[in-house]
Each structure stands twice: as structure tokens, then as C-alpha cells.
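Here's the structure we're looking at; comments come further down.
The values are calculated or read from the model by the stated rules, or taken from the named source; none is laboratory data. Worth saying up front: this structure is predicted, and the values here are computed from it rather than measured. Positions of Cβ are generated from backbone atoms using ideal geometry, with glycine treated the same way; all protein chains shown enter the neighbour counts. Keep in mind that these areas ignore ligands, DNA and RNA; they rest on the heavy atoms of the full protein, side chains included. Shrake-Rupley method; radii C 1.70, N 1.55, O 1.52, S 1.80 Å.
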Amino acid sequence: MRSIIQFAIVCFFTACFFCCKTDSNTKVNSEVNNYDAFISKLKAKGIATGNILVYNDGAIVYQSSNGLRSIDPIDSLSLNSQFRLASVSKQFTGMAIMKLKEAGKLEYDQKVNTILTDFPYDHITIRQLLHHTSGLTDYERLIAENFVKEDSTKKYILGNNEILTEFYRVNPELDFQPGEKWEYSNTGYLVLASVVEKISGQHFKVFLKEQITDPVGMTNTTLYSYQIEADSAMPNRVFGYQLALNQNDLVSNDYNIVNDVRGDGGIYSTIEDLYKWNMALANHTIISKAYLDDAWTPGVLNNGDLTNYGFGWFLEQDPSKPKTVFHSGGWVGFVTFLYNELDTKSGFIILTNNTTNDFGTIINGISNIRAGQPYQMPKTALATEMAKRILTEDSNTAMRYYHTHKLDTLNYSVSEGDLNVLGYQLLNEDELDAALAIFKLNIEEHPTSANPYDSYGDALLLKGDSIHALKHFKKCFEMDSTLTYAKDKSEKLEAALQP
């Protein structure tokens, strides 16, 4: 009798196991089918989704590769393609600082100028750089306004040393006193990488490889020493590109003068390597939990307010949700996202290189499918339809199209930001009159927003209308005193106009 009962119990649990396994497989298969359907629909609309990886409970459940690795020559992406991570790189810089702290070589509250002796600010700490509360001004703007090209025909590629030399020479005022507020700072993370190099005596690329990527098994991850041409030593490197304003041609979007900066970006990686990275963080195998707890604790401002940023990660603050860290990145043609639910060992990674305006749609779609919710397809950006008509017909035709369709929010997306971007794209195409028309339209459509006045001022200045440009720069700053770039422009222009 006992053996019969035991046999029955075994049969019962075996049946339960296979029933649960079947249910689980059905759920996973349904989720995978939803991902496939979503990406196929985007692809049918001409939207490349790049490389995507989704993982649940520590296991990969979905991977996809959709788009071009290169446009010259044309070459498709693969799962092994190495994308520029842009600001997703910052968490690796944060980890490098933690590794130095673990080795007893620095303290988070140590003053930066005790390490970088030429650093001109006395009261900025390592922690404030990590938390984006240092007040350092933006190095991109400083280079754009101050760097003099000795050879105007040469494409310069600047890195940390050149930028810090220029930074120290200009010695700009802080945007605010350290700890006073939170303001995202690429400059801060550039400085952190230089701190790592000064203390370790190694180039940041070597430190990253020896201390972080090799121990995690990230064999396809590197800080890339940027070159414009294809590199035989990195055959899987991805190049940024974009659809031309005529909405037909593909053009490169990969070069920038500061492409060799390290710390705030510059790392290239694959979706599989980034999955390994997220798992190493969730399992505390790269560094002990105590250090990661520090890294995932919000920064504190001088007034006691908390930020939502740690040491290179944004932090999920909702206590009802799993503990989650995440970061996005955007640079030249690349837009990236790394999402890591630490407690559930689940998350997803999205890497794109096609200067997509639909990245939010991709993120929301993947997030909704993971949550078992319906996803939405993107609307047509009215600004792109206007661009097509400006370049193939004229500005008047584009304006009529805008006013005819701007209320059709079911099919079109319309935003101040889209119009602003279109205006600057037209400036880059030497379509000055069309850009002026777009910036003016943006002011008319958003009269209470400050930034369109600054943009219109830029175009007026290029037109040679300094008086009206000055008026619009001043108007911008009067409306929003945080937009200090408008104040700087108005002061410089006012000085230049003095007799």
C-alpha cells in the first residue's frame, strides 16, 4: 500500500511540474511572439529598432537585431555588433571610482584638486561629480565657444587631455555652487575618468579592461580610441547614421569633435556583454554589496533634498516596485538604454544607431510587453513631413501642411522640441530662411516657452540681424533665468555692438 501511495504522490507532483512548466513555456512563448510582432510592425513602418535583449529571472528570453551596422558599405546589424553606449558608459566610470575606493586609494568626499592639482575649483568632491551636483559647466559648449582650429580643413578629435587643458585655460565660473542643485554633467564624468587615470597610473581603457570588463567576461566591450574610418581591429563596430531631411537618403551621423572623451561616454559594447554586466551587478560579483548600496543611494543636496541619481545610475524611487537602476544614452547617431531590476534579476537592453526619434516608443513597447500590457505604435512626426516638403517644394507648402494637420493628434505627433530640432537641421543644411520660418512658427505656437526665443535669436544672428537677435536672447533669459546660455549670448552680443 505504501508503494502505491508513494507512486501516486510522485505522479501528482510530476503532473503539477509538467503543468506548471507548460504554463510557464506558454507565457514565455506568448511574450516572445508579442516582441516579434511589435518589432515587425515597427520595421514595416521603416523604423529600425537596433539590438534588443530581454531577460527574466536571470535568463535571456528574447533577442533581436534589426537595422544597419554601416551605410558605407551597407551592412546589417548582428547580435555581436558593438554599439557606442554614450552615457550608459557612466556606470562603468562610477564602478572605476568604487574600485579605487575599495583599494583604499581615494575617498568619495575627497576634494578633486587634491588629485588633479590643476583643477581650479576648491570645494568640489568626488561624490559631487558622481551625483551631478558639482556645478561644473558643460565642456561641449566651452569647446564650441573657445577651441580654435589651427587647420580649418582638419577634422579634430579631442579627448580628456585637450579638453581639460582648454577648461583650465578658460577657467569658467561654476554654473552653481557645489551641492546647491542637481544638474546632469558630462563634464563631471570626464573629470572622474581623469581622476582614475591619475590615481591608477593607467589609461582609463586599460583600467576598465583589467578591473571591470575582463573579470565580468565582457570580451566585446572596450573604451574605443575613436577613428572616423572603419577599423580592421574592430570589425563589429557600429556606425551612427540618420535619414536625411529629405526623408530618403541615408547620411553618416558618427563624428563629433569631442568623440574621444572618456568617462561620460566612449565605451562600445554588445547586448550580450551588457546582459553579463547587469547580472554581475545583481549578483554582486563585480564588487561587494556594500559598495553597490552606496552607488545606488540617492545624492543629497545642501538643503537635504534627495536626487534620483547614484554613482552613474538613475534610481527607481517607488518602494512598491523592484529595486531598479537604469540609464539612457544619446550621442551622434546612437540612442541606448540599460534597465536592470536588481531584485528580480530581470531587465532589458536597447541599443540603436539610426538617430531614431522613436526610441520612446521602443522603450514603452518593450516595457508594456514585459508587464503584459498592450503597446502603442508611433505617430508620424509632423516635423518630418514638413522637412520633406521644405526640401522638395517650399516653406509655404510646409506651413500649410502644418496648419492643416496639427490638430490631427490621432495620426501626428506635434511638439515644441520637434520644431526646434527641425529649425537647427535646416540651419545645418544652409536653409536659413526656412529655419527662420520654423523658429518663428515655434514661438507663435509656444509663446510662453523660453527656448524658442533663443533659437530664433541664433537664426537671426546668422541672418545678420544682430539687434533683433539680442532682443530674443534677452527675452529667453527673462522668461527662464536657468537658461544661462541665452544670457551669455546677449552679453557677448551687447559688448560687440558697443561703438
(request) State whether the residues of segment 206-223 include one that is over 28 Å from L53 (Cα atoms) and out of contact with any Phe, Trp or Tyr (no Cβ under 6 Å at 6 or more places or on another chain). (result) no
(message) Looking at segment 469-492, I want the residues that are without any contact (Cβ under 8 Å) to a residue 24 or more places away in the chain and have a partner that is aliphatic (A, V, I, L, M) and surrounded by fewer than 16 Cβ atoms within 10 Å (Cβ to Cβ) with Cβ atoms under 7 Å, at least 6 apart or on another chain. Which pairs are those?
(response) none
(request) Determine whether E197 is farther than 20 Å from I97 by Cα and acidic (D, E). (result) no
(message) Just to be sure I understand, how many residues within segment 151-204 are among the small types (G, A, S), open to solvent by 20 Å² or more (accessible area, probe 1.4 Å), at negative phi and modelled with pLDDT of 95 or more?
(response) 1
(request) Answer with yes or no whether G329 is over 20 Å from L42 (Cα atoms) and either among the polar types (S, T, N, Q) or buried (at least 17 other Cβ atoms within 10 Å of the Cβ) (or both). (result) yes
(message) Looking at (1) of a type outside the set (S, T, N, Q); (2) at positive phi; (3) open to solvent by 10 Å² or more (accessible area, probe 1.4 Å), which one does H132 not meet, given that it meets all the others?
(response) (3)
(request) Would you be able to tell me the number of residues in segment 422-461 that are under 19 Å from L391 (Cβ atoms) and either of a type in the set (A, V, I, L, M, F, W, C) or open to solvent by 30 Å² or more (accessible area, probe 1.4 Å) (or both)? (result) 20
(request) Kindly list, by first and then second residue, each pair from a residue in segment 25-37 that is under 13 Å from V54 (Cα atoms) and surrounded by 12 or more Cβ atoms within 10 Å (Cβ to Cβ) to a residue that is of a type in the set (F, W, Y) and modelled with pLDDT of 85 or more, limited to pairs with Cβ atoms under 7 Å and residues at least 6 apart or on different chains. (result) V32/Y62; Y35/Y62
(request) Quick one: which helices (runs of 4 or more DSSP H) lie wholly within segment 437-499 and hold at least 2 residues that are closer than 30 Å to H403 by Cβ? (result) 451-463, 466-479
(request) List the number of the failed condition for G464; all other conditions in (1) crowded, with 22+ Cβ neighbours inside 10 Å; (2) on the phi > 0 side of the Ramachandran plot hold. (result) (1)
(request) Of all residues in segment 373-410, count the ones that are under 27 Å from the mean Cα position of the chain (by Cα), in contact (Cβ under 8 Å) with a residue 24 or more places away in the chain and not in a helix (DSSP H, G or I). (result) 6
(request) Output the residues belonging to segment 42-64 that are assigned to a strand (DSSP E or B) and over 16 Å from L351 (Cβ atoms). (result) N56, A59, V61
(request) Determine whether K209 is outside any loop (DSSP other than H, G, I, E, B), open to solvent by 30 Å² or more (accessible area, probe 1.4 Å) and among the charged types (D, E, K, R). (result) yes
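Residues checked against (1) surrounded by fewer than 19 Cβ atoms within 10 Å (Cβ to Cβ); (2) within 24 Å of F311 (Cα to Cα); (3) hydrophobic (A, V, I, L, M, F, W, C):
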position: L42; (1), (2), (3): no, no, yes
position: N56; (1), (2), (3): yes, no, no
position: N66; (1), (2), (3): yes, no, no
position: S78; (1), (2), (3): yes, no, no
position: S81; (1), (2), (3): no, no, no
position: V88; (1), (2), (3): no, yes, yes
position: N113; (1), (2), (3): yes, yes, no
position: I124; (1), (2), (3): no, yes, yes
position: R127; (1), (2), (3): no, yes, no
(request) Mind listing whichever residues of segment 413-451 are touching a residue at least 24 places away in the same chain (Cβ under 8 Å) and among the acidic types (D, E)? (result) E416, D418, E429, E431, D433, E445
(request) May I ask you to list the residues in segment 212-222 that are more than 22 Å from the chain's Cα centre (by Cα), open to solvent by 30 Å² or more (accessible area, probe 1.4 Å) and either closer than 22 Å to G330 by Cα or without any contact (Cβ under 8 Å) to a residue 60 or more places away in the chain (or both)? (result) D214, T219
(message) Residues that are in a loop (DSSP other than H, G, I, E, B), under 27 Å from I126 (Cα atoms) and touching a His at 6+ places or on another chain (Cβ under 8 Å): does segment 184-194 have at least one?
(response) yes
(request) Quickly run through segment 272-296 and pick out the residues that are surrounded by fewer than 14 Cβ atoms within 10 Å (Cβ to Cβ) and assigned to a loop (DSSP other than H, G, I, E, B). (result) N283, T285, S288
(message) Any residue at all in segment 300-308 that's farther than 27 Å from N51 by Cβ, hydroxyl-bearing (S, T, Y), open to solvent by 20 Å² or more (accessible area, probe 1.4 Å) and in a loop (DSSP other than H, G, I, E, B)?
(response) no
